[in-house]
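Enquirer: Sharing a structure with you now.
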Amino acid sequence: MFEPFPGNYIWNLGVNLALIGGGNHGEVDIACRPIREAAAQGADAATAAFFESWLRVANQLVANAAVDEKAGRSWSAAAKLFRACGYFLNAERLQARDYAPRWQAYRDGLDCFRRSIELGGDPVEFVEIPYGDSTYPALFVRAPATAQGPAPCIVSCNGLDSMKEQIYGNGFAQALARRGISTLLLDQPGTGEALRLRGLTGTHAAERWASPAVDYLSTRSDVDAARIGMFGLSLGGYYAPRAVAFEPRFSLCAVMGANHDWGAMQQRRMAREGENPVPHYWDHVMWVFGQPDIDSFMAWAPNMCLDGVVEKIVAPFLVTHGAGDRQIPVEHAHRSYDQATGARERALRIFTEQDFEIEHCGADNGTVARDFIADWIAERFGGRTG
């Protein structure tokens, strides 16, 4: 993994996610250079400095995009706004919940993303998924039309701290579209816009929000309701198998980074085993899952376990993991695979140094697991692989 901040895994992870999500190495370098000394204070202590440095780059890109747009160069403007979105969200993602400036940065990131899609003419729809008395937002990325009828579709969920715009930025939906498969990118409860702007907190019962996504897709004439699959990365390595185990309309499941027993991992976190994905970790997880204090969270966390759950999966099931994952041990991938005895087909792929991608969810590369999973899905959904 590219590590401009020695010893600061969380900041380095953020940098790599920004690059994977379409960032420009020169712009990222300019954002990182002024805060190298601050990074030595630790992941939590100087996050405001990280925020300000990345926002300077993002805001300059917005200004540069405005010049392009005024000149009628909408594609150039869209490209700059897309990168600005990634920088805004990367800066926001690393802040504490009570850091007030994060909220405007998040809205600015969403605005840049929407304007980028509109100016670039990308095949993306902004949609709402009914959820209880509310809705949560999603992006529907259409596969190119063919004469073969409605396309299959993958429901993609976030992990603990990722967002739908970041998943779009890493090219997963585009890789599937090239293979003839549409994607519904969720900001499910507990993540992204659902958490930040609507107050929808997470639940261990992922089927509660995943089933409404299937309901929505079943209303679309351009989606083949018999070929709807589920994908999750990071904590999505728990959510996706849980959803498929309890929602029989899903016809396959693929995960990028297993997360078999996230509840037990919290005990390891307390013992300082493994790396955290974000600063201010304990406050973040309490916010995500609507828990009032750490004791309540730790009592609730054991619900996040796939023991007795993956056995219920009957659809094809793919588990991928990085051999050098510093957040979630590779043993989680073996547990999910070994227990999925009811799946009519199961596969396990551990990425090694020969793949140039060993970190958590491919943070050190961003293409290998993405393309492997897209090919595996296409081979089962009748899509193209070349």
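The values are calculated or read from the model by the stated rules, or taken from the named source; none is laboratory data. Note that the structure is predicted; figures quoted are calculated from it, not measured. Here the Cβ positions follow ideal geometry from the backbone for every residue, glycine too, while neighbour counts run over all protein chains shown. Side chains are part of the model used for accessible areas, which takes the heavy atoms of the whole protein and leaves out ligands, DNA and RNA. Shrake-Rupley method; radii C 1.70, N 1.55, O 1.52, S 1.80 Å.
Enquirer: So which of ALA213, ALA177, ALA226, ALA194 ends up being touching a Leu at 6+ places or on another chain (Cβ under 8 Å), among the hydrophobic types (A, V, I, L, M, F, W, C) and under 23 Å from PRO150 (Cβ atoms)?
Expert: Within the list ALA213, ALA177, ALA226, ALA194, the selection yields ALA213.
Enquirer: Regarding PRO6, is this residue farther than 29 Å from ARG198 by Cβ and open to solvent by 20 Å² or more (accessible area, probe 1.4 Å)?
Expert: Yes, satisfied.
Enquirer: Looking only at the range 82-107, filter to residues that are modelled with pLDDT of 95 or more and among the small types (Gly, Ala, Ser); which one of those is most open to solvent (accessible area, probe 1.4 Å)?
Expert: ALA100
Enquirer: Check every one of the helices (runs of 4 or more DSSP H) wholly within the range 194-313 and list those with 2 or more residues that are open to solvent by less than 30 Å² (accessible area, probe 1.4 Å) and among the hydrophobic types (A, V, I, L, M, F, W, C).
Expert: 207-218, 236-246, 262-270, 281-288
Enquirer: Can you name the number of the only condition in (1) open to solvent by 30 Å² or more (accessible area, probe 1.4 Å); (2) aliphatic (A, V, I, L, M); (3) under 20 Å from the mean Cα position of the chain (by Cα); (4) under 20 Å from LEU160 (Cα atoms) that VAL368 fails?
Expert: Of everything listed in (1) open to solvent by 30 Å² or more (accessible area, probe 1.4 Å); (2) aliphatic (A, V, I, L, M); (3) under 20 Å from the mean Cα position of the chain (by Cα); (4) under 20 Å from LEU160 (Cα atoms), VAL368 misses just condition (4).
Enquirer: Could you list, in sequence order, all residues of the range 123-165 that are closer than 26 Å to GLN95 by Cβ and either among the small types (Gly, Ala, Ser) or modelled with pLDDT under 95 (or both)?
Expert: SER134, ALA138, SER156, GLY159, ASP161, SER162
Enquirer: If you don't mind, there's one more thing I want to ask. Would you mention how many residues in the range 153-193 are open to solvent by 10 Å² or more (accessible area, probe 1.4 Å), of a type in the set (Gly, Ala, Ser) and touching a Phe, Trp or Tyr at 6+ places or on another chain (Cβ under 9 Å)?
Expert: Number satisfying all stated conditions: 2.
Enquirer: With surrounded by 23 or more Cβ atoms within 10 Å (Cβ to Cβ) and modelled with pLDDT of 95 or more as the only criterion, which of PHE51, PHE113 stands out?
Expert: On the way: PHE51 fails: surrounded by 23 or more Cβ atoms within 10 Å (Cβ to Cβ).
Residue meeting the stated conditions: PHE113.
Enquirer: List every residue pair whose Cβ atoms sit under 6 Å apart, with the two residues 6 or more apart in sequence or on different chains, where the first one lies in the range 298-326 and is touching a residue at least 24 places away in the same chain (Cβ under 8 Å) and the second, anywhere, is part of a helix (DSSP H, G or I) and open to solvent by 70 Å² or more (accessible area, probe 1.4 Å).
Expert: Qualifying pairs under 6 Å: PRO316/ARG380.
Enquirer: Moving to a separate point now. Within the range 58-105, which residues are part of a helix (DSSP H, G or I), basic (Lys, Arg) and within 22 Å of TYR9 (Cβ to Cβ)?
Expert: ARG93, ARG102
Enquirer: Continuing with the same structure: When you go through TYR131, TYR136 one by one, which is the residue that is in contact (Cβ under 8 Å) with a residue 24 or more places away in the chain, open to solvent by less than 10 Å² (accessible area, probe 1.4 Å) and touching a Pro at 6+ places or on another chain (Cβ under 8 Å)?
Expert: Going through TYR131, TYR136 in turn, just one is in contact (Cβ under 8 Å) with a residue 24 or more places away in the chain, open to solvent by less than 10 Å² (accessible area, probe 1.4 Å) and touching a Pro at 6+ places or on another chain (Cβ under 8 Å): TYR136.
Enquirer: Need the failing condition index for ALA40 against (1) modelled with pLDDT under 95; (2) surrounded by 14 or more Cβ atoms within 10 Å (Cβ to Cβ), just the number.
Expert: It is condition (2) that ALA40 fails.
Enquirer: Would the range 72-81 turn up any residue that is open to solvent by 40 Å² or more (accessible area, probe 1.4 Å), within 25 Å of the chain's Cα centre (by Cα) and without any contact (Cβ under 8 Å) to a residue 40 or more places away in the chain?
Expert: yes
Enquirer: Of the residues that make up the range 17-32, is at least one farther than 21 Å from TYR168 by Cα and buried (at least 17 other Cβ atoms within 10 Å of the Cβ)?
Expert: Yes, that holds for at least one residue.
Enquirer: Restricting attention to the range 323-363, which residues are open to solvent by less than 40 Å² (accessible area, probe 1.4 Å), of a type outside the set (A, V, I, L, M) and part of a loop (DSSP other than H, G, I, E, B)?
Expert: Scanning the range 323-363 gives GLY324, ASP325, GLN327, PRO329, GLY342, GLU357, GLU359.
Enquirer: Take the residues in the range 116-128 that are among the charged types (D, E, K, R) and either closer than 19 Å to SER53 by Cα or in a strand (DSSP E or B) (or both); name whichever of them is least open to solvent (accessible area, probe 1.4 Å). Spell out the reasoning first.
Expert: First, the residues of the range 116-128 that are among the charged types (D, E, K, R): 118, 122, 125, 128.
From what's left, either closer than 19 Å to SER53 by Cα or in a strand (DSSP E or B) (or both): 125, 128.
Numbers: GLU125: 56, GLU128: 81 Å².
Only one residue fits best here, namely GLU125.
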